[in-house]
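Accompanying notes for the structure given below.
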Amino acid sequence: MVFSDLLTIWRNTGLEFSEIILAQEMMETGRDPVIVKQALKRLMMVMLEEAERNFGKSFETLTGLTGKNASKMYMSKPRVLSEFNWVATVTALSMAESNAAMGRIVACPTAGSCGVMPGMLYALKSVEKANDEDLLRAFVVASGVGNVVAKKATLSGAAGGCQAEIGTATAMAAALMTYYFSQNPEAVGHASALALKSLMGLVCDPVGGFVEVPCVKRNASAVNVAIACAEMALAGIESAIPFDEVVEAMYHVGRSLPESLRETGLGGIAATRTAQKLVESIHKNLNSGSET
Amino acid sequence: MGLLEVAGPVMVGPSSSHTLGALKIARFVYKLMGIPQEVTFVLHGSFALTYKGHGTDRALLAGIVGLKPDDTRVKDAFNIAQSQGLKFSIEISDLGDVHPNTVLVKAKRGAIYNEVRGSSIGGGAIKINQINGVDCDLSGEFPTLVILNKDLPGALRGILECITYNIANVYLRRVNALEGLALTIIELDSNVDDETLERLRANKYVLEIYNVKSEEGEDVGVQ
């Protein structure tokens, strides 16, 4: 899936953009568009259900490094964030912490970045009162944006750093919001490009290798980047560099990252003195704790 | 990879490679032989180093008792395994030149004993790369027949003649020259019907047969 190809088809046909993406998927994989759309709807509904169920709760995560952030954000009245941003932030924290506590999540596009898309979806649903059909069309478009990255680059932190995981999730979320409000595929391309450029170079440096620090809070800040980029694109701001080329650039950056910054737990904040102390105490706790 | 793999799957956290992949490997063994009475998971590499913080141990137990990757009971797998009377242990070992996220599952039920080695290769994808000493390269997404057969001339032809389905891959190796035993692993494009299984069971070369089915929803490539 190449974004500029999708745009060309849209310009030539004027068809609904989500239908163009589903048709393109059929060309590439042979899958029935109706079935794919239904399966995508299920993924979206699971995200919304889990967002609602976990919103602002506290969690007992495997290492104990995180688990109280969603509840803290939930209890705190925002000073300047809008209600939309606040809901998106609380949701992103809740889902990322639920993931660290072995809760049910949708790996959209990965488990480590599983908070960003639900943050955007749940904010649109609960604050903007979006209906499921409009949301689904925008979700299909967002999935298409993610697929462009998967095809041209990578979604794996081990291969491309966090920019490939949370960066892609942010581009998808920006695409989702932009399409929901504008149904304009060109603006979607700009929003996605702006988002991925904002997180270009982001390294994957989980403390101890566990999907908690900095992953949980990074999901929450990323959804706000997505909102800002979507707002810019909706205002008519364009990315000077087209999305496909930004994706290629992201891939090259990922390939040039040293291994220590690609999900090994050896570089970035994982290599700090404090992180090393935390990891020592986690291993002590895990090994002394009972198996149940 | 398509839209559904990008936007999903639904799973239990925290890690697609350390949790989801581990569960899928153990679940392959469950589908091969049912819930064992005794199981040992031998963890290698990154699995060995980080399994507790990633819930890899719970995921493996969940898989071996047949839970699906999105089952919210995965985190209670220790209790579930205990209530099933499953004896389990975790060992750490260097399995040699294999993928960093590799586990060797040793499972026993009555007289049945199987050893399956699998690797979690990223994004929740797995490779089953050894069954009872026979090297293979299974994604776990296709229906698979694992057949212990007599190591005699014409055995493979005899087995394949029973199968009218499209065969994706065949792996075959002599496993015991003294007893004249070979293991045949056949990956197919679709699940086999009971008639085929009966034909295979009645086949004079076949000694044991395991049918690892693919289930609805596992194969997202609905055609």
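Structure data summary
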| item | result |
| --- | --- |
| Partner chain coverage, peptide B:47-58 - average Cβ within 10 angstrom | 5 |
| HN-Hα J in Hz across the range B:82-94 - Karplus 6.51, -1.76, 1.60, θ = phi - 60°, x for Gly and Pro | 5, 5, 7, x, 7, 8, 9, 8, 10, 10, 10, 7, 8 |
| Carbon plus sulfur fraction of accessible area for chain A, probe 1.4 Å, in percent | 54 |
| Descending semi-axes in whole angstrom, ellipsoid equivalent of chain B, from the Cα gyration tensor | 29, 20, 16 |
| Buried accessible area, chains B and A (both chains, 1.4 Å probe, Å² to nearest 100) | 3200 |
| Rounded to 10°, Cα long-axis angle of helix A:243-256 versus longest principal axis of chain A | 30 |
| Peptide A:44-51, shielding by other chains (average Cβ, 10 Å cutoff) | 1 |
| Partner chain coverage, peptide A:108-115 - average Cβ within 10 angstrom | 5 |
| Alpha-carbon centroid distance for the pair the range B:71-93 / the range A:192-244, whole angstrom | 38 |
| Quarter of the Cα convex hull surface for the protein assembly as shown, i.e. its orientation-mean projected area (nm²) | 25.1 |
| At least 40 Å² of accessible area lost relative to the chain alone, listed for the range B:78-97 with a 1.4 Å probe | B:F78 |
| Residues whose placed amide H lies under 5 Å from that of B:G123, excluding near-sequence neighbours | B:S17 |
| Exposed GluC sites (Glu not before Pro) absent: longest stretch of chain A, with sites in DSSP loops and at most 12 other Cβ within 10 Å deemed exposed | A:61-290 |
| Cysteines in chain A that, by Cβ-Cβ distance, have no pairing candidate under 4.7 Å | A:C108, A:C114, A:C215, A:C229 |
| Calculated from backbone phi, Karplus (6.51, -1.76, 1.60) coupling profile of the range B:190-202 in Hz, x at Gly/Pro | 8, 4, 8, 8, 4, 4, 4, 4, 4, 4, 5, 4, 7 |
| Computed helical MRE - 222 nm, the protein assembly as shown, DSSP H runs ≥ 4 contributing -39500 (n - 2.57), nearest 500 | -15500 deg cm²/dmol |
| Accessible area (Å², per residue) of the range B:142-214, counting only protein heavy atoms and a probe of 1.4 Å | 54 |
| Contact order normalised by residue count of chain B, Cα under 8 Å, 6+ apart, percent | 19 |
| Gain in span if fully extended, B:R109 to B:M1, counting 0.36 nm per residue against the direct Cα distance | 35.2 nm |
| Loop sites in the range A:44-121: trypsin sites (Lys or Arg not before Pro), DSSP, at most 11 other Cβ within 10 Å | A:R79 |
| 1.4 Å probe accessible area per residue over chain A, in Å² | 40 |
| Cα convex hull volume per residue for the range A:3-288 (Å³) | 128 |
| Largest to smallest principal axis extent of the C-alpha atoms in the range B:142-214, angstrom | 34, 20, 17 |
| Rg to Rh, two decimals, where the range B:1-64 supplies the alpha carbon set and Rh follows Kirkwood | 1.02 |
| Cleavage-rule hits (GluC sites (Glu not before Pro)) in the range B:147-221: DSSP loop, at most 11 neighbouring Cβ within 10 angstrom | B:E179, B:E215, B:E216 |
| Spatially proximal lysines relative to A:K41 (Cα-Cα < 19 Å; intrachain offsets below 8 disregarded) | A:K125, A:K129 |
| Inter-probe distance in nm under a simple model that places probes 7 Å from Cα toward Cβ, at B:I163 and A:S260 | 4.9 |
| Carbon + sulfur, % of accessible area of the range B:142-214 - ligands and nucleic acids excluded, 1.4 Å | 49 |
| Nearby lysines by direct alpha-carbon distance to B:K24 (threshold 17 angstrom, same-chain neighbours under 8 apart not counted) | B:K68, B:K75, B:K106, B:K127, B:K213 |
| In nm, spacing of pseudo-spin labels at A:E238 and A:D5 (7 Å Cα→C-beta vector) | 2.4 |
| For the range A:232-280, the spread of Cα positions along each principal axis, largest first, Å | 49, 25, 11 |
| GNM result for chain B, Cα springs below 10 Å: residue of B:L86, B:L156, B:L178 fluctuating most strongly | B:L178 |
| Angle between chain A longest axis and helix A:116-126 axis [Cα atoms, degrees, rounded to 10] | 70 |
| Rg/Rh for the range A:134-212, where both radii come from Cα atoms and Rh is the Kirkwood radius | 1.03 |
| Under the Karplus curve 6.51 cos²θ - 1.76 cosθ + 1.60, θ = phi - 60°, whole-Hz ³J(HN,Hα) for the range A:232-239, x wherever Gly or Pro sits | 4, 5, 5, 7, x, 6, 10, 7 |
| Approximate shape of the range A:93-156 as ellipsoid semi-axes (Cα gyration tensor, √5λ), whole Å, largest first | 20, 19, 7 |
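The values are calculated or read from the model by the stated rules, or taken from the named source; none is laboratory data. Quick caveat, the model's predicted, so the values are computed rather than measured. As a convention, Cβ positions derive from the backbone with ideal geometry for all residues, glycine included, and neighbour counts pool all protein chains shown. Areas reflect the complete protein model, heavy atoms only, side chains present, ligands, DNA and RNA absent. Shrake-Rupley method; radii C 1.70, N 1.55, O 1.52, S 1.80 Å.
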